[in-house]
Amino acid sequence: MGVRPVSRRRPMPAEQVGLGLCAAGVAVAAGLVLAVALSGYGLVASGATVLMAAAAARAYAVASGGRLQRGVAPLIMLIVAGTLACLGLLVLVDAWHAFDLFGPELLRMSRVDFLRWALTNRAVLADYAPHAAVAAGGALLGSATAVPLVRATVAEGRPGLVEHGSRAPRVLA
């Protein structure tokens with residue numbers, strides 16, 4: 001007859017994938033805004049994908065409140081979609097400024113037609129290959145550094161900011 005030690009750790013709450021993906025989506029949107037803002041200053045805005053991916057992974061872990069298991073694949077798809085959206089936005093921002101520079105008289109097309117042309121022209125998109133490489137590398141780096149940090153946080157028993165499952169949620173330290 002041995003005495004069983006009482007565990008002070010509470011069981012991990014279930015992973016809330018939808019809530020986590022919503023929070024990660026907000027982080028991706030903030031990363032897109034940051035990329036557009038950086039491009040306005042002439043900086044390489046595709047590097048913002050590092051912060052976007054890391055923030056999305058961290059926001060997912062905090063909001064989902066549980067283990068990082070079922071939501072890994074959707075989170076990666078969200079980060080990839082955010083990276084592609086970032087590249088598309090950079091092309092659109094540059095095309096917008098180019099249209100202002102040349103004007104409709106010289107280009108002989110409307111702004112919408114010019115933006116559509118810029119997004120579908122292979123020669124234009126080929127000029128953005130270095131930006132695409134930086135964005136893909138940044139998203140990979142951000143994800144690769146954030147996911148182990150998130151897993152370590154979960155392993156320490158701090159899955160999120162709010163304790164789920166109680167009547168009144170309380171903020172965890």
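The values are calculated or read from the model by the stated rules, or taken from the named source; none is laboratory data. Not measured: the values here are computed from a predicted model. Neighbour counts are summed over all protein chains in view; Cβ atoms, including those assigned to glycine, are modelled from backbone coordinates with ideal geometry. Ligands, DNA and RNA are stripped out before the accessible areas are found, and what is left, the full protein with its side chains, is counted by its heavy atoms. Shrake-Rupley method; radii C 1.70, N 1.55, O 1.52, S 1.80 Å.
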If you rank 22, 86 by how much accessible surface each has, with a 1.4 Å probe, what is the order from largest down?
22, 86
Tabulate in residue order the Karplus-calculated ³J(HN,Hα) for region 45-50, using 6.51 cos²θ - 1.76 cosθ + 1.60 with θ = phi - 60°, rounded to whole Hz; enter x for Gly and Pro.
6, 5, x, 5, 5, 4
Full-extension gain in nm, residue 120 to residue 100, via 0.36 nm per residue minus C-alpha separation:
5.3 nm
Length released on extending from residue 76 to residue 141, taking residue separation times 0.36 nm less the Cα-Cα span
22.2 nm
Along region 28-37, Karplus-curve 3J(HN,Hα) (6.51, -1.76, 1.60; θ = phi - 60°) to the nearest Hz, with x for Gly and Pro, reads 5, 4, 5, x, 5, 5, 4, 4, 5, 5
Residue 43/residue 69 FRET efficiency (R0 41 Å; Cβ-Cβ; nearest 0.05)
0.65
